[in-house]
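Have a look at the structure below before the remarks.
The values are calculated or read from the model by the stated rules, or taken from the named source; none is laboratory data. Every value quoted in this text rests on a predicted model; they were computed, and no experiment measured them. Note that each Cβ is placed from the backbone with ideal geometry, even for glycine, and that neighbours are counted across all protein chains shown. Each accessible area value is taken on the protein alone, full model and side chains, heavy atoms only, with ligands, DNA and RNA left out. Shrake-Rupley method; radii C 1.70, N 1.55, O 1.52, S 1.80 Å.
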Amino acid sequence: MRITEVAIYRVDLPLAEPFEHASSGLVTALEEVVAAVRTDAGLTGYGEVRGNCGYVTGDVPDRVVAVAAHLAPLLLGRPVEDLARLRAALEDAVVGNTAAKALLDIALHDLLARARGISVAELLGGQVHDRLPTDVSVPFGTVEAAADQARRAVREGYRTIKVRVGGPTAVDEARLAAVREAVDAADGPEVAVAVDANGALEAKEAVRRLRRWERYGLGWIEQPVPAWDIRGLRYVREHTDIPVMADESVLGPREVLALVREQAVDMLHFKLVKAGGFVPVRRMMAIAEAAEIPYMVGQMDEGMVATAAAVQCAAASRAAFFEVHGHQRVAMQPFSGIQVAGGAVIVPRGPGLAVDVDERALKLVFLVRADDVRGGVSSGGTSSGSAG
């Protein structure tokens, strides 16, 4: 079974609840890039990544599309089963550009798993989780809105609530106190509260805030300082009792190894789009597990295909924490198959990512076929017609 065609699509997913955090500004829609990798046997594997995530990967949608279009011809005519070599070809072809690599990596894993009639989790080594208790995020907003969101999350069964911080100290603390009060007033199991600064603070300022915020019993602070500031992460870790989790600092295996060597963090947060797909994330997990550092498998706010990829990755992992609710703020999307119950994402059953894609709702922006490449041409732009 060989790869005969790669199609790249764009779709904007409007948010029912626009969000904001310290590094992104206001986001009203997710600008997604979708890949479809097809075979001569009629099978299709799908991938999806967030395009408007320049604050994490440096990407914009057009860049993701352009790099994916550059990489796509490398897949054509190759056996689906040749996953390791295909993945190596993507890695060797261009430095960085992890979002485009993740896009095609996810589609290739979906395709091979579908060809074998198994889930991506099984392809990755075996499913060990059937449900993933996910955290839920409280974005910037009013004190009243923060308390309402916390109460709703507890009612819906979530047991970890993460509060965005990085604004004025008094405003952040007022929202944090409101969430803590709402959680404590809830009649039910204990709920953990954490904060995420998205790199907005300087190390000493982070320590000052955390010492004041110890009264709120925080489970951890995520990315208190900018991604490049490894010494700052270590400083915060050494000067507060609250565990420090790295997110934006955790790009790939090299960064994980550096954080371990520097003893800079207590916890790690892995995302496919940052790392470049399943293959590098699995290497990162191995480093974390060898160093006995707990890790979270998470994602950006994304559509259900990207969510399904994170879910399958998490389901085959030994992660201690999960952040796989990225699809829930989307008002409408051409994907289906992910279910949430009692504050947990249910790992979908079925081959591949086990989600459905309505290609009619996607805009084709690049198409290349094996015959085109053999003939010395490739098709690009929206004039290629149907990708079917």
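General observations
- Contact order relative to length of the range 179-299, as percent, for alpha carbon pairs under 8 angstrom and 6 or more apart: 20 percent
- Of all accessible heavy-atom area on the range 105-146, the percent that carbon and sulfur account for (1.4 Å): 50 percent
- A straight chain from Thr28 to Asp130 at 0.36 nm per residue would run longer than the Cα-Cα distance by 33.5 nm.
- Degrees separating the helix 203-213 axis from the principal Cα axis of the chain, which is the longest one: 60 degrees
- Hypothetical label at Glu173: residues of the range 201-217 whose amide nitrogen lies under 16 Å (7 Å Cα-Cβ projection): 205-217
- In the chain, the DSSP-assigned H stretches of four residues or longer account for a calculated mean residue ellipticity at 222 nm of -11000 deg cm²/dmol, using -39500 (n - 2.57) per stretch and the full residue count as denominator.
- From the alpha carbon centroid of the range 252-324 to that of the range 171-186 is 29 Å.
- The residues of the range 279-357 present an accessible area of 33 Å² per residue when probed at 1.4 Å with all protein chains retained.
- Dipole of the chain, positive direction: furthest Cα of Ala107, Ile346, Pro139, with charges on the beta-carbon: Ala107
- Charging the Cβ of each Asp and Glu at -1 and of each Lys and Arg at +1, and nothing else, the dipole of the chain about its Cα centre rounds to 500 debye.
- Dividing the mean sequence gap of close Cα pairs (under 8 Å, 6+ apart) by how many residues the range 139-213 holds gives a relative contact order of 39 percent.
- Using the 1.4 Å probe convention, the accessible area of the range 1-47 works out to 35 Å² per residue with neighbouring protein chains retained.
- Only Lys, Arg (+1) and Asp, Glu (-1) charged, at Cβ; the range 197-328 dipole about Cα centre in debye: 200 debye
- Angle in degrees between helix 61-71 and the longest Cα principal axis of the chain, rounded to the nearest 10: 40 degrees
- The charge dipole of the range 31-120, taken about its Cα centre with unit charges on the Cβ atoms of Lys, Arg (+1), Asp and Glu (-1) only, comes to about 180 debye.
- Cβ-Cβ FRET estimate between Arg155 and Ala88, R0 fixed at 45 Å, reported to 0.05: 0.40
- Met285 accessible area, assembled protein chains, probe 1.4 Å, Å²: 10 Å²
- Highest-first packing order for the peptide set 75-85, 55-65 is 55-65, 75-85, based on the mean count of other beta carbon atoms within 10 Å.
- The loop-placed GluC sites (Glu not before Pro) in the range 270-329, going by DSSP, that have at most 16 neighbouring Cβ atoms within 10 Å of their Cβ come out as Glu292.
- Relative contact order %, the chain, counting alpha carbon pairs below 8 Å whose residues are six or more apart: 21 percent
- Surface per residue (accessible, 1.4 Å probe) for the range 78-198, Å²: 40 Å²
- Only lysines eight or more places from Lys101 in sequence, or on another chain, were considered; those with a Cα closer than 21 Å are Lys271, Lys274, Lys363.
- Shown for the range 323-369: the carbon plus sulfur share of the solvent-accessible area, taken with all protein chains present and a 1.4 angstrom probe, equals 49%.
- Dipole of the chain [Lys/Arg +1, Asp/Glu -1 at C-beta], most positive-end residue of Val281, Val27, Tyr158: Val281
- Calculated FRET efficiency, Ile346 to Val95, Cβ-Cβ distance, R0 = 51 Å: about 0.85 to the nearest 0.05.
- When the chain is described by a simple charge dipole with +1 on each Lys and Arg Cβ and -1 on each Asp and Glu Cβ, the residue from Pro79, Ala227, Ala316 located farthest towards its positive end is Pro79.
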